[in-house]
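Q: The structure is given below, and queries will be raised subsequently.
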Amino acid sequence: MAVYRSTILVLSLSISACVGREVIHHGCYVVDPFLRGTYTGECQEQMAHGRGVTIGKDSYQGDFVRGFLHGQGVLA
């Protein structure tokens, strides 16, 4: 089951990168220090903005506005 989920995640990220909508951002800032790490998703003015996934000490998948968690999402 874990291999299946990983395959779907990699495939989803590959397809998103192909259409230019979702990119792994190393310079895209997430305000919460527990969530800083790797961010994949929409970015505006070097801030997480739109839909995305961030993985640091904790992880979050959902909406961001100017680097802050905003709207619907899942925090783990």
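Values in this text are rule-based calculations from the coordinates and carry no lab data. Keep in mind that this is a model prediction, so the values were computed, not measured. Neighbour counts run over all protein chains shown; Cβ positions are idealised from the backbone, glycine included.
Q: Can you give the charge dipole size of region 23-69 about its Cα centre, rounded to the nearest 20 debye, using +1 on the beta carbon of Lys and Arg and -1 on the beta carbon of Asp and Glu?
A: Using only the charged Cβ atoms, the result is roughly 80 debye.
Q: Here's another thing I want to ask about it. Enumerate the calculated ³J(HN,Hα) couplings along region 32-42 in order (Karplus 6.51 cos²θ - 1.76 cosθ + 1.60, θ = phi - 60°), each rounded to whole Hz, writing x wherever the residue is Gly or Pro.
A: 5, x, 6, 10, 5, x, 9, 10, 10, x, 7
Q: Can you give me the long-range amide H partners of residue 44? Hydrogens built in the peptide plane at 1.01 Å from N, cutoff under 5 Å, separation of 5 or more residues or another chain.
A: Under 5 Å from the amide H of residue 44 lie the amide H atoms of 49, each far enough along the sequence or on another chain.
Q: As a test of the definition: which semi-axes, in Å, follow for region 22-75 when you take the square root of five times each eigenvalue of its alpha carbon gyration tensor? Largest first, please.
A: 13, 12, 10
Q: What percent does the relative contact order of region 22-75 come to when contacts are Cα pairs within less than 8 Å and at least six residues apart?
A: 28 percent.
Q: Counting only other residues whose beta carbon sits under 13 Å from that of residue 30, what net charge do I get with K and R as +1, D and E as -1?
A: -1
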